[in-house]
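For reference, the structure is listed below as structure tokens.
The values are calculated or read from the model by the stated rules, or taken from the named source; none is laboratory data. The shown structure was predicted, so the numbers you read here are calculated from the model rather than taken from an experiment. Here the Cβ positions follow ideal geometry from the backbone for every residue, glycine too, while neighbour counts run over all protein chains shown.
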Amino acid sequence: MSQRRIETIVASDRVIDDGDMRLFRALPMDGQESLGPFVFLDHYRHHSRRGIGDKPHPHAGIEVISYLLDGSVEHRDSVGFRDRLGPGDAQWIRAGRGMLHAEQPDGGRHGLQLWTSLPPAMKFADPDYASFRAADIPELDLPGATVRVIAGTVNGTTGPMRNATHTVFAHVRLQPGAGIALDIDAKQLGFYVLEGEMQGPEDEALGPGTLATFGPGTGITLQAAEGQAASIALVGGDPVEGELVFAGPFVMDTPQHARQAQQDFIDGKMGRLDGVPF
């Protein structure tokens, strides 16, 4: 098992911090457009029922992955799927050629929303949906740590989420000062600090909102800072296929496909939700 080393450390953007909601955005960033198939990473915490994405809005060209650490939320979309997520639940949406959805929180909520870019051949695939309850997500109990594997394989344990391309997504919780070694097969890999502090390559403290990326290899060592517990999201997998064209909630591989997605939304081809888009 060849050991990966941390190569880059980036502080995410604080997009919202108004007393009720705090939102960090770690992807895309200047110099860090993607990590594996992931092209978007939002980490949010809010206290009221106001939420990100609570009004009907479209997506296309991506898989939308949600992971709820605390609180609950109701999901509905223009394809006809309705669901309710609670703490520890995960959600997968293949937006493909386009769909509308909305997420209404019941109250305060803490979680992640991530996007993975669909391969060029799947940009206009039919939309699909799946959710995974906390009890169905496998958890590794290691000395000083737990690892919940949502997608991909960590130490031989495979998560239930199936993505269009090889994807790794796991939630790791470390006790104060604890360190663990993990074996993960991913061409690109990194971690985002949710809470607490991790120890960096120069023994520096990596606090909430930090995105660290590893170099090549299969094995990683994760170390919580001395006297500090830590909660992190491991993200990675195969690199994005094709070009990346960001057009708001649409991520396509060519400008022509981005314009087609925008026109499909205007023409109502992504369905209706509370009268949107008309």
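Key figures for this structure:
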| item | result |
| --- | --- |
| Given (1) in contact with a His (Cβ under 8 Å, 6 or more places away or on another chain); (2) free of Cβ contacts under 8 Å to residues at least 24 places away in the same chain, index of the condition Ala121 fails | (1) |
| Top-ranked residue of the range 99-121 - restricted to ones that are more than 28 Å from Glu195 (Cβ to Cβ) and surrounded by fewer than 19 Cβ atoms within 10 Å (Cβ to Cβ), ranked as nearest to the chain's Cα centre (by Cα) | Pro119 |
| Subset tally (residues that are among the aliphatic types (A, V, I, L, M), part of a strand (DSSP E or B), within 30 Å of Leu273 (Cβ to Cβ) and modelled with pLDDT under 95) for the range 16-60 | 2 |
| Output for the range 238-268, where each listed residue is under 19 Å from Asp128 (Cβ atoms) and either surrounded by fewer than 14 Cβ atoms within 10 Å (Cβ to Cβ) or of a type in the set (S, T, N, Q) (or both) | none |
| Residue that is within 14 Å of the chain's Cα centre (by Cα), surrounded by fewer than 19 Cβ atoms within 10 Å (Cβ to Cβ) and not acidic (Asp, Glu), where the choices are Leu35, Leu23, Leu68 | Leu23 |
| Yes/no for Arg173 being surrounded by fewer than 17 Cβ atoms within 10 Å (Cβ to Cβ), under 26 Å from Ala135 (Cα atoms) and within 20 Å of the chain's Cα centre (by Cα) | no |
| Failed item in (1) surrounded by 16 or more Cβ atoms within 10 Å (Cβ to Cβ); (2) closer than 19 Å to Val172 by Cα, with Gly227 passing the rest | (1) |
| Pairs where the first residue, in the range 127-146, is within 29 Å of Gln228 (Cα to Cα) and touching a residue at least 24 places away in the same chain (Cβ under 8 Å) and the second is polar (S, T, N, Q) and assigned to a loop (DSSP other than H, G, I, E, B), C-beta under 7 Å, 6+ apart | Gly144/Gln175; Ala145/Gln175 |
| Residue satisfying all of: in the range 123-162; more than 25 Å from Ile220 (Cα to Cα) and touching a Leu at 6+ places or on another chain (Cβ under 8 Å); surrounded by the most Cβ atoms within 10 Å (Cβ to Cβ) among these | Ser131 |
| Failed item, numbered, when Ala130 is tested on (1) over 30 Å from Asp203 (Cβ atoms); (2) more than 20 Å from the chain's Cα centre (by Cα); (3) part of a strand (DSSP E or B) | (2) |
| Strands (runs of 3 or more DSSP E) enclosed by the range 227-278 - at least 2 residues per element that are over 30 Å from Gly207 (Cβ atoms) and under 24 Å from the mean Cα position of the chain (by Cα) | 245-247, 250-252 |
| Filter result (within 20 Å of the chain's Cα centre (by Cα), at pLDDT 95 or above and part of a loop (DSSP other than H, G, I, E, B)) within the range 176-196 | Ala186, Lys187 |
| Unique residue being in contact with a Pro (Cβ under 7 Å, 6 or more places away or on another chain) and more than 21 Å from Glu241 (Cα to Cα) when the list is Ala90, Ala134 | Ala134 |
| Extreme residue, nearest to Val10 (Cα to Cα), among residues of the range 199-220 that are touching a residue at least 60 places away in the same chain (Cβ under 8 Å) and of a type in the set (S, T, N, Q) | Thr210 |
| Residues of the range 207-226 classified as in a strand (DSSP E or B), farther than 16 Å from Leu114 by Cα and of a type in the set (Ser, Thr, Tyr), total | 2 |
